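Just below is one structure, and these are the notes that go with it.
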Amino acid sequence: MSKTYKNIKGTFDIVPDPSISKDASPFSSGQWIRIERVVRDVVRRYGMQEIRTPILEPLDLIARGIGQLTDIVSKEMFAFSRDNTDYVLRPEITAPVVRAYLQHNMSQLLPVQQLFYIGPCFRAERPQKGRYRQFHQFGAEIIGEPGPMADVEVIRCMVDIYKELGITNMELRLNSLGDETSRPQYKAALQEYLEPHRNDLSETSRSRLEDNVLRILDTKNPDEQRLLQDAPRLSAFIDSESEDHFNIVCEMVDKAGIPFVHDPFLVRGLDYYTRTAFELESPDLGAQSALAGGGRYDLLATELGSKNPVPAVGFAAGIERLLIAVSELGDTAAIDDGPDIYIASLGDTALKWAIDTAAALRSDGGAVVTALAQKSLKAQLKDASKRNARYAIIVGEDELQSSVATVRDLRKSTQEEIPFASLPTLLKRS
RNA sequence: GUGGCCGUAGCUCAGUCGGUUAGAGCGCCAGGUUGUGGCCCUGGAGGUCGGGGGUUCAAUUCCCCUCGGUCACCCCA
């Protein structure tokens, strides 16, 4: 076999029709664009403005922001160095957004920034269903507001997107991680409780015992889960402000008619969360059940060098998983990007006329496709049909003589005669 | 990083208990309709049966290695 090239493992091409390439195309570009439109429409209703940051970021930003001890930073980064600078392909977008917010003093423009983003992220994990090495996230952040209503807005915005797409089979899990006063106390208590059971813990949990106790809470190991049943709960240590904050979030989420469960073991894999943490899961996704997640990260800006604390809250969601969830519902809808008009021509003179006429119709705003070489009318109409064109304009010697085109409505299978000068009116029909 | 499963046409997959020209459906191209798509009929193109090595008179089939894919663990979007 001669040498050919393939997409890199864990990445995929987004092509018009995935059936053409089994290797690397879980979704069509039409499905993809449709999701992006829904996302943009919903976040727009919340007043979120788009921010686009580079895919390449300083390694240090990500390491500090997300946390050295997280799985993401310790083993999943695509990082490299060049000219004495360490780079990383961003594994998530919250830290870059906060970096941009601080760098551009965005609080000066607007005390409370409401931003959304959408774009690719990279993590060097073994790919499987719903998990890719280049994947795509969208998310929203409310930066500069400490109060619980910001949390509620973010959660409502996130849930609205899924509702808009007809996804109802999902579970929202909420928890509060306390703040910088209560969390260390809880960590210490948990450590104290687990220490005597050290030998019953898995290898990873044992190392977390020292440096990242909270992560033990979301272990999937049944023995460890049993052990944790009697462990001290964070709710017993939580400071009153965080408690009030959490209660208001729960109350308002409940009032919004969004079902949720309080999961005291929810901690999330990124270190920067404080107080509110949440995850949205779907049972339709297989092993990768997390559709989206997020929370409050009041300490992140400080961690990234800000002199003033910057309270913020946000969510991040995976487009691939959203697409899987949507197609599990049997919804494979895609945007219809077929042209308005396909010009079929017969003969060399007509072909040239078609090219010129297409240009004229395009300047009127129409999407127009022509055959680019002489072909049988049958082949051209088949082409038009496959492209999902609305109308076919058929022009041969007769039509050129009379300056009246034969126009076929490809959806209704009806046909009519339209003078050349009136062809632009086709574009005004609904 | 670890484990299970799978690699035959563009796609989905048959098949060969080792034996001459490897099949189907869908898709693609053409013709049936000297200028009419989606239905129907006919024909055609397209495969070194993932790659390498071994056993054998003979390997797509059996064995080994390798590459690739996929699902799962871990963790997350």
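Some values worked out for this structure:
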item	result
Proximal aspartates and glutamates relative to A:LYS307, as straight alpha-carbon distance under 17 Å, when same-chain residues fewer than 8 apart are discounted	A:GLU145, A:GLU180, A:ASP298
Estimated 222 nm signal from helices in chain A, with DSSP H stretches of n ≥ 4 weighted -39500 (n - 2.57), rounded to 500	-10500 deg cm²/dmol
Angle between chain A longest axis and helix A:348-363 axis [Cα atoms, degrees, rounded to 10]	40
Dipole-positive endmost among A:PHE260, A:ILE335, A:SER176 within chain A (Cβ charges, Cα centre)	A:ILE335
Cα coordinate range in chain A, projected on the principal axes (Å, largest first)	94, 54, 46
Karplus 3J(HN,Hα) series, Hz, for segment A:199-204 with 6.51 cos²θ - 1.76 cosθ + 1.60 (x for Gly, Pro)	6, 8, 8, 5, 4, 5
Cut-off under 5 Å, modelled amide H: who pairs with A:VAL404 long-range	A:PHE420
Antiparallel DSSP beta bridges within segment A:341-428, as percent of all bridges there, nearest 5	55
Distance cut-off 17 Å, percentage of C-alpha pairs in segment A:341-428 lying past it	40
Count of Lys pairs (Cα-Cα under 21 Å; at least 8 positions apart or interchain) in segment A:341-428	9
Magnitude of the charge dipole, chain A, Cβ model with Lys/Arg +1 and Asp/Glu -1, debye to 20	1400
Rounded to whole Hz, the Karplus (6.51, -1.76, 1.60) HN-Hα couplings of segment A:234-244, x for glycine and proline	4, 4, 7, 10, 4, 6, 5, 5, 5, 5, 4
Sites A:THR181 and A:ALA124, calculated FRET efficiency, Cβ-Cβ separation with R0 51 Å, nearest 0.05	0.90
Normalised convex hull volume, segment A:173-252, alpha-carbon set, Å³ per residue	92
Inter-label distance, nm, simple model (7 Å from Cα along the C-beta direction), A:GLU210/A:GLU251	4.5
Surface/4 estimate of mean projected area, convex hull on alpha-carbon atoms of segment A:319-386, nm²	6.3
Heavy-atom accessible area ranking, 1.4 Å probe, most first, across A:TYR297, A:TYR46	A:TYR46, A:TYR297
Whole-Hz ³J(HN,Hα) from phi, Karplus 6.51 cos²θ - 1.76 cosθ + 1.60, for segment A:40-46, glycine and proline x	4, 5, 5, 5, 4, 5, 8
Heavy atoms of A:HIS197 accessible to a 1.4 Å probe, total area in Å² rounded to 10	60
Accessible area of segment A:346-422 divided out per residue, in Å², using a probe of 1.4 angstrom	57
Share of carbon and sulfur in the accessible heavy-atom surface of chain A [1.4 Å probe, %]	49
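The values are calculated or read from the model by the stated rules, or taken from the named source; none is laboratory data. The model shown is predicted, which means the values in this text are computed figures rather than measured ones. Note: ideal-geometry Cβ built from the backbone for every residue, glycine included; neighbour counts use all protein chains shown. Side chains included, ligands, DNA and RNA excluded: accessible areas come from the protein's heavy atoms. Shrake-Rupley method; radii C 1.70, N 1.55, O 1.52, S 1.80 Å.
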